[in-house]
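Peer 1: I'd like to ask some things about the structure below.
The values are calculated or read from the model by the stated rules, or taken from the named source; none is laboratory data. All of these numbers come straight from a predicted model, not from anything done at the bench. Neighbour counts are summed over all protein chains in view; Cβ atoms, including those assigned to glycine, are modelled from backbone coordinates with ideal geometry.
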Amino acid sequence: MTGEREVVAAALIRDGRLLLAQRTRPPELAGLWELPGGKVEPGETPAAAVRRELREELGVEVTAGERIGADVPLHDGLVLRAYRAELVDGTPQALEHAALRWVDARELGEIALVDNDRGWVPELVALLGA
Ligand code: 9L3
Ligand code: MG
């Protein structure tokens, strides 16, 4: 086996707020909030995966921008990486999540994030311009 499989997570920021999505699964993550995203498919670029995942999960068109924060090693040789995203078309809807929330820097510090996304909070707060 060569290489790791990547999971992308999108930092979609608008008017000083970050979009968070509340997971429904697996049971141990249900109810916790995350940056939306998912696994990069074989042969797919991370940027294309950001666009596809946000289309599937939120029903929006985005462009994927620069990486932010550190790599997060997951189970099974997966690595989680965060990318900025710009909304191009549509209004985010919770198509695969329990709910969505636009949070400011203060709210981001208080909400129950999935553990894997917690390390990005300082970078995200900086982007939110708190
Ligand atoms: N994951 C963690 N933080 C995130 C995302 C999008 C994903 N912001 C983890 C949860 C799963 C794995 O990555 O263990 C695959 O994600 P998904 O396909 O279940 O969304
Ligand atoms: Mg997902």
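Peer 1: Of the residues Arg81, Arg51, which single one is in contact with an Asp or Glu (Cβ under 8 Å, 6 or more places away or on another chain), buried (at least 17 other Cβ atoms within 10 Å of the Cβ) and not in a helix (DSSP H, G or I)?
Peer 2: Arg81
Peer 1: Residue check: is Arg106 of a type outside the set (Ser, Thr, Tyr) and more than 12 Å from ligand 1 (Cβ to nearest atom)?
Peer 2: Numbers: of a type outside the set (Ser, Thr, Tyr): yes; more than 12 Å from ligand 1 (Cβ to nearest atom): yes.
Yes, satisfied.
Peer 1: Identify all residues within region 37-70 that are acidic (Asp, Glu) and under 15 Å from Ala11 (Cβ atoms); write none if there are none.
Peer 2: Scanning region 37-70 gives Glu53, Glu57, Glu66.
Peer 1: Among the residues of region 28-48 satisfying the criterion of being more than 11 Å from ligand 2 (Cβ to nearest atom) and buried (at least 21 other Cβ atoms within 10 Å of the Cβ), which is nearest to Val103 (Cα to Cα)?
Peer 2: Trp33
Peer 1: Does Glu110 satisfy being of a type in the set (D, E, K, R) and over 16 Å from Leu29 (Cβ atoms)?
Peer 2: The answer is yes for Glu110.
Peer 1: What are the pairs with Cβ atoms under 7 angstrom where one residue, in region 1-26, is of a type in the set (D, E, K, R) and the other, located anywhere, is modelled with pLDDT under 95? Sequence gap at least six, or different chains.
Peer 2: Glu4/Gly77; Arg5/Gly77
Peer 1: Within region 99-130, work out how many residues are surrounded by fewer than 14 Cβ atoms within 10 Å (Cβ to Cβ) and within 15 Å of ligand 2 (Cβ to nearest atom).
Peer 2: Matching residues across region 99-130 total 1.
Peer 1: Something else about it: Which of the residues belonging to region 54-78 are buried (at least 18 other Cβ atoms within 10 Å of the Cβ), within 9 Å of ligand 1 (Cβ to nearest atom) and assigned to a helix (DSSP H, G or I)?
Peer 2: Of all residues in region 54-78, those buried (at least 18 other Cβ atoms within 10 Å of the Cβ) come to 54, 57-58, 60, 62, 64, 69, 72.
This time we only want the ones that are within 9 Å of ligand 1 (Cβ to nearest atom), so: 57, 72.
Once the filter is applied, which keeps residues that are buried (at least 18 other Cβ atoms within 10 Å of the Cβ), within 9 Å of ligand 1 (Cβ to nearest atom) and assigned to a helix (DSSP H, G or I), region 54-78 yields only Glu57.
Peer 1: Just to confirm my filter: which strands (runs of 3 or more DSSP E) fall fully inside region 1-47 and include at least 3 residues that are among the β-branched types (Val, Ile, Thr)?
Peer 2: Values: elements: 5-14, 17-22, 37-39.
Counting at least 3 such residues, we get 5-14.
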